[in-house]
Amino acid sequence: MYFFLASLTAFSVGFLVTPILIKVLNKAEIGDVPGGRKIHSGFVPSMGGIGFFAAAAISMSIWGWQFPLPDIRYLLGAIALMFFVGLRDDMVELKATHKLLGQLIAVILVVVASDIRIKDLHGFLGINELPIIISYGFSAFVLLALTNAFNLIDGLDGLAGTIAIIAFTFLGIWFTLQGLESLAVLSFTFLGGILAFLVFNWHPAKIFMGDTGSLTLGFTLGALIIAFMEYNAALPIDSYLRFEPIFSSGVAIMMFPLYDMARVFLRRIRRGQGPMTPDKSHVHHFLMRMGLKHNQVALLLGGIQLGFICLVLGMKDNSDHIVLPVISVLAISLGFYLDTVTVKNVKKKVSKLPRVLEIKPSKASEKSKIDMDLKKITDSKINMN
């Protein structure tokens with residue numbers, strides 16, 4: 001009941017705050033203008049992450065005191081730091097090195113201070129307990145990858161919010177069932193804030209979350225997923241909802257963002273570009289080229305994300321050596337099918353367009369008529385000044 005009230009409180013605060021935020025940002029002209037890689041047609045205020053971050057923070061301050069929050073105090077501080085990194089980047093664009101430095105400090109707070117890290121591979125690939133230095137480095141890499149993978153999918157109305165709602169719902173329910181109350185209340189407060197934000201971010205969006213929101217959400221989800229994997233691994237074998245495929249279950253929660261990041265990075269590298277070079281090769285761009293609308297793409301990709309979680313849930317008694325290849329092959333197959341269908345669709349559209357050489361030149365009579373009309377205008381006594 002407390003978790004429902006925490007989520008409802010966050011939703012109420014976000015629902016009340018976001019319209020005010022939209023007016024303030026519109027008046028200050030802080031937002032995204034169309035053009036370049038942008039696929040919206042008019043000015044839309046950004047930095048919507050302020051709304052759901054404030055909603056989650058207020059709800060946590062009201063309901064969180066009942067749970068053992070000291071064990072996640074460094075995690076809360078790291079989330080706040082990541083929020084300010086995104087806020088600073090939205091207001092005045094940060095250099096890549098400065099942005100990464102801010103992210104690294106937040107990561108260190110989680111991995112080192114909070115001790116939320118991957119400590120053991122539990123026999124996956126024949127590896128068990130990791131040396132502490134390797135554990136720190138590997139956990140930091142995973143957390144940064146999850147954070148930036150989520151950041152990259154924020155390019156479509158309602159998409160990032162939909163994926164976040166699915167992930168926070170799963171994590172919140174699982175933490176509740178396992179008695180991890182502090183992590184559960186954190187998941188549900190963010191869930192309520194995102195639900196309120198999505199009311200205004202659904203197509204046609206009245207506000208975008210910006211890096212303020214996407215970095216904060218990606219980082220929070222990344223830290224909670226690592227915590228989920230470690231607590232899951234520590235459960236007794238016969239525990240309720242214990243996942244035997246420890247890493248596969250964590251990957252499944254962020255399957256779409258991770259796949260999309262790997263896909264665009266590989267495509268850019270193959271073209272001789274840097275992996276962070278912006279372009280329109282994301283999955284949602286391809287689906288838009290097929291003629292789907294923003295809300296259709298968000299629902300489709302959200303459904304696929306939910307499908308991967310359900311698949312791992314159904315295979316929870318199998319090892320990572322079985323489940324990880326299955327979900328990886330399925331994701332690659334779906335991506336290949338998407339590329340094939342998109343290219344076929346684009347070729348079909350292009351074939352219906354008139355070719356340049358087929359455009360008929362003007363007839364001689366039409367040309368002479370145009371010349372005579374121009375001569376009449378030139379010879380007339382109308383003042384042309």
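The values are calculated or read from the model by the stated rules, or taken from the named source; none is laboratory data. Quick caveat, the model's predicted, so the values are computed rather than measured. Positions of Cβ are generated from backbone atoms using ideal geometry, with glycine treated the same way; all protein chains shown enter the neighbour counts.
Remarks
- Pair list, Cβ under 9 Å, 6 or more apart: the range 228-241 residue on the phi > 0 side of the Ramachandran plot, other residue buried (at least 17 other Cβ atoms within 10 Å of the Cβ) and hydrophobic (A, V, I, L, M, F, W, C): 241/174
- Of note, residue 297 does not satisfy the criterion of being buried (at least 21 other Cβ atoms within 10 Å of the Cβ) and touching a Ser or Thr at 6+ places or on another chain (Cβ under 9 Å).
- Residues that are under 19 Å from residue 346 (Cβ atoms) and without any contact (Cβ under 8 Å) to a residue 40 or more places away in the chain, drawn from the range 267-297: 267, 271, 281, 292, 296
- Condition met for residue 129 (without any contact (Cβ under 8 Å) to a residue 40 or more places away in the chain and farther than 25 Å from residue 265 by Cβ): yes
- Taking the range 177-275 as the region of interest, the helices (runs of 4 or more DSSP H) fully inside it that hold 3 or more residues being crowded, with 24+ Cβ neighbours inside 10 Å and either aromatic (Phe, Trp, Tyr) or modelled with pLDDT under 90 (or both) are 181-201.
- Set 76, 101, 125: member being of a type in the set (A, V, I, L, M), surrounded by fewer than 18 Cβ atoms within 10 Å (Cβ to Cβ), assigned to a helix (DSSP H, G or I) and modelled with pLDDT of 90 or more: 101
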